[in-house]
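A.B. asks: Sending over a structure as structure tokens; questions will come in a sec.
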Amino acid sequence: MSKIKNEPICKEDYVQKVRSAMQHRAQWLYLLVDEAKKQGQDWEAIARAATTRCGCFQGAGLSEDWVDHSTLKSFAAVFADEDFQKYFDMDILENTDELLRIKFHHCPLVAGWQAIGCSDEEVAKLCDIAMDGDRNIAKACGLDFTLGETIAEGGCCCELTFCLKK
């Protein structure tokens, strides 16, 4: 039995449709790395490199949209806008000039991996690889990033913290 608890809170139709697309993306990632593994490739290195590139690309775009780089309040507006808060059932715990702390209570990626039959161990590894995207969004934006507990590891939420570099 899975230790992962990942029930969505927000069930608006458009939110469910976007989550479904995110689940599909997660399943693509799993199937790509599974094929790389079957072909004897270093699937984790491949997946991490691709996810890192994606995070850098996304971070560059967010950095352009981030209006005032002296405050994380402005970063929060582009990283965790109202729609994204619904997709991941986010709570913004702290949003100051120097610190942004967020709890995600649902993860559509985890739901996608579970739906395709991934084990808890596979989900945890895929989650950590996917978090390379967020790590590199932060890096591209010149921010420090800390990952706390995760849904994929059996936590009640995913905890992300961004800090301005001093």
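The values are calculated or read from the model by the stated rules, or taken from the named source; none is laboratory data. Computed from a predicted model, the values in this text were never measured in an experiment. Counting neighbours? That spans all protein chains shown, and the Cβs are built from the backbone with ideal geometry, glycine included. Only protein heavy atoms, including side chains, enter the accessible area calculation; ligands, DNA and RNA are left aside. Shrake-Rupley method; radii C 1.70, N 1.55, O 1.52, S 1.80 Å.
A.B. asks: Protein chains only, probe 1.4 Å: how do Lys125, Lys103 rank by accessible area, largest first? Don't skip to the answer; put the middle values down first.
C.D. replies: Details: Lys125 75, Lys103 55 Å².
Highest to lowest solvent-accessible surface, that is Lys125, Lys103.
A.B. asks: When only the heavy atoms of the protein chains count and the probe is 1.4 Å, how do Arg101, Arg25 rank by accessible area, highest first? Let's see the in-between values first.
C.D. replies: Working: Arg101 90, Arg25 135 Å².
Reading off the accessible areas and sorting them downward yields Arg25, Arg101.
A.B. asks: Counting only the heavy atoms of the protein chains, how much of Ile4 is accessible to a 1.4 Å probe, in Å² to the nearest 10?
C.D. replies: Counting only protein heavy atoms, the figure is 20 Å².
A.B. asks: Here's something else I'd like to know. Against the longest alpha carbon principal axis of the chain, how many degrees, from 0 to 90 and to the nearest 10, is the axis of helix 43-65 turned?
C.D. replies: With rounding to tens, the tilt is 30 degrees.
A.B. asks: Still on this structure, please answer the following. Angle, helix 13-38 long axis vs. longest principal axis of the chain, Cα atoms, 0 to 90°, nearest 10?
C.D. replies: 60
A.B. asks: Could you pull out every one of the aspartates and glutamates with an alpha carbon less than 19 Å from that of Lys139, ignoring same-chain neighbours closer than 8 positions?
C.D. replies: Cross-link targets: Glu64, Asp65, Asp68, Asp97, Glu98, Asp128, Glu159.
A.B. asks: A follow-up question, please. In whole percent, what relative contact order does segment 19-166 give with Cα contacts below 8 Å and a gap of six or more residues?
C.D. replies: Relative contact order here is 29 percent.
A.B. asks: At 222 nm, what helix-only mean residue ellipticity would the chain give, in deg cm²/dmol to the nearest 500, using -39500 (n - 2.57) for each DSSP H run of four or more? The partial results should precede the final answer.
C.D. replies: On the way: 6 runs with 92 residues, N = 166.
Result for the chain, helices only: -18000 deg cm²/dmol.
A.B. asks: In degrees between 0 and 90, to the nearest 10, how far off the longest principal axis of the chain does helix 120-140 point, with axes built from Cα atoms?
C.D. replies: Between helix and principal axis, roughly 30 degrees.
A.B. asks: Not counting ligands, DNA or RNA, and with a 1.4 Å probe, what is Ser20's accessible surface area in Å² rounded to the nearest 10?
C.D. replies: Ignoring ligands and nucleic acids, Ser20 comes out at about 60 Å².
A.B. asks: Can I ask one more? Given +1 on the Cβ of Lys and Arg, -1 on the Cβ of Asp and Glu, and no further charges, what dipole in debye does segment 1-154 carry about its Cα centre, rounded to the nearest 20?
C.D. replies: On the way: 17 positive and 27 negative charges, 88 e Å.
Taking the Cα centre of segment 1-154 as origin, the dipole is about 420 debye.
A.B. asks: Once Lys and Arg get +1 and Asp and Glu get -1 on their Cβ, which of Phe104, Ala50, Gly142 lies farthest toward the positive end of the dipole of the chain?
C.D. replies: Farthest towards the positive end: Ala50.
A.B. asks: Still on this model: Let me cross-check Glu82: its accessible surface, 1.4 Å probe, with only protein heavy atoms counted, in Å² to the nearest 10?
C.D. replies: 130
A.B. asks: Go through Gly61, Val78, Phe88 and say which Cα lies farthest out towards the positive end of the charge dipole of segment 51-92; charges sit on Cβ, +1 for Lys and Arg, -1 for Asp and Glu.
C.D. replies: Working it through, the farthest residue towards the positive pole turns out to be Gly61.
A.B. asks: Within 13 Å, Cβ to Cβ, of Lys11, how many net charges do the neighbouring residues add up to if Lys/Arg are +1 and Asp/Glu are -1?
C.D. replies: On the way: positive: Lys17, Arg19, Lys86; negative: Glu7, Glu12, Asp13, Asp89.
In short, -1.
A.B. asks: In segment 1-74, what GluC sites (Glu not before Pro) fall in a loop by DSSP, with at most 14 other Cβ atoms inside 10 Å? It would help to have the intermediate numbers written out before the result.
C.D. replies: On the way: sites: Glu12, Glu35, Glu44, Glu64; in loops: Glu12.
Passing both the DSSP loop test and the Cβ count: Glu12.
A.B. asks: Still on this structure, I have one more. Within segment 99-120, list the residues whose amide N lies under 19 Å from a label point set 7 Å along Cα→Cβ of Glu35.
C.D. replies: In segment 99-120, the label zone of Glu35 (backbone N under 19 Å from the point 7 Å along Cα→Cβ) covers 113, 116-118.
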